[in-house]
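Quick notes on the structure that follows.
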Amino acid sequence: MSLSACKSVILTTNGKYLPLNHTFRGIVDRAMENILRCEALLNNYADNTFQSPSNGRDRRARVREIRKYLITYPPTINLLSFEPDHYVETQVKQAQKSPTSRRTYWNLSNQPNRQSSVCHIEVNKGLVDALNESKDNDDCGIFRMLSALTIIMIVHEIAHVIQATFAEMPTPREAGDSAENVISGNKGEFWAYYGTPGDYKTIETLQIRGAYTEDARGPGKPIQRQVTCAINGKYVPKY
């Protein structure tokens, strides 16, 4: 099977197709290609579709199904005007959250139908505009940071899509956070920080935050995450 996915349909706020040579499209396409080639990430996606640990045989079969699904039915991405602090939302036909948990566990019925259904990822247009502006202004640091953030966002949302598409019932882990942990080298999840909250052009660092630990003030106090790595635009590789 070829590992080249069909191109995602990307629609602007007025419903028109984003040009094939658009910067955001290029980043999304590369992210999808790399997802299809990353065994560790695909294994993680597969694991998060099972309620209990899978054996190697079931996992390999699920990875093949996931690859086929992403190649045949890549997501449709809609660029929408959200609140500044809201990046992205994923919509999957017939998906529902678990009523018993604050975590985003999805389950669906009629699996054959959902495995031939295209999901929709809704992305904040402000992020895409900031990405383009930083490239046009030759601001390499900001452009690299926002490019990395976009890839992380796609990896995270595809994890939700796969969980919603293949899981038979609620599963025990939050799929998007779990996928971020894989691409961080098991160091934690990514958090973006800005000079001006909600202004993507002022992005300063991407922090990888690890496991929760007890607050230093003693037992019973709020728990906080350990910052395991802080990355600024100087150290983010080109995409």
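The values are calculated or read from the model by the stated rules, or taken from the named source; none is laboratory data. Being a predicted model, the structure only gives us computed values, none of them experimental. Note that we place each Cβ from the backbone using ideal geometry, even for glycine, and neighbour counts take in every protein chain shown. Only protein heavy atoms, including side chains, enter the accessible area calculation; ligands, DNA and RNA are left aside. Shrake-Rupley method; radii C 1.70, N 1.55, O 1.52, S 1.80 Å.
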Output the residues belonging to segment 164-198 that are part of a loop (DSSP other than H, G, I, E, B), in contact with a helix residue (DSSP H, G or I) (Cβ under 8 Å, 6 or more places away or on another chain) and modelled with pLDDT of 85 or more. K187, G188, G195, T196
Of the residues R67, R57, which is open to solvent by 60 Å² or more (accessible area, probe 1.4 Å) and at pLDDT 90 or above? R57
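Say we look at segment 33-54 and pick out the residues that are charged (D, E, K, R) and farther than 15 Å from E168 by Cβ; which of these is most open to solvent (accessible area, probe 1.4 Å)?
As a first pass, look at segment 33-54 and keep what is charged (D, E, K, R): 33, 37, 39, 47.
Restricting the remaining residues to those that are farther than 15 Å from E168 by Cβ gives 33, 37, 39.
On the way: E33: 43, R37: 129, E39: 93 Å².
Going through the qualifying residues, I end up with R37.
Quick check on R114: is it more than 12 Å from the chain's Cα centre (by Cα), modelled with pLDDT under 90 and surrounded by fewer than 15 Cβ atoms within 10 Å (Cβ to Cβ)? Let's see the steps before the verdict.
On the way: more than 12 Å from the chain's Cα centre (by Cα): yes; modelled with pLDDT under 90: yes; surrounded by fewer than 15 Cβ atoms within 10 Å (Cβ to Cβ): no.
No: the conditions fail for R114.
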State whether the residues of segment 148-163 include one that is at pLDDT 90 or above, open to solvent by 60 Å² or more (accessible area, probe 1.4 Å) and more than 20 Å from R25 (Cβ to Cβ). no
Index of the failed condition, R144 passing every other in (1) closer than 21 Å to H22 by Cα; (2) open to solvent by less than 10 Å² (accessible area, probe 1.4 Å); (3) not hydrophobic (A, V, I, L, M, F, W, C): (2)
Hey, among E180, E133, E168, which residue is touching a Ser or Thr at 6+ places or on another chain (Cβ under 9 Å) and of a type in the set (D, E, K, R)? E168
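Provide a single number: the residues in segment 32-55 that are touching a helix residue (DSSP H, G or I) at 6+ places or on another chain (Cβ under 9 Å) and polar (S, T, N, Q). So that I can check it myself, show each step before the final result.
Restricting attention to segment 32-55, the residues satisfying the condition of being touching a helix residue (DSSP H, G or I) at 6+ places or on another chain (Cβ under 9 Å) are 32, 34-36, 38-50, 53-54.
From what's left, polar (S, T, N, Q): 34, 43-44, 48-49, 54.
Residues that pass the stated criteria total 6.
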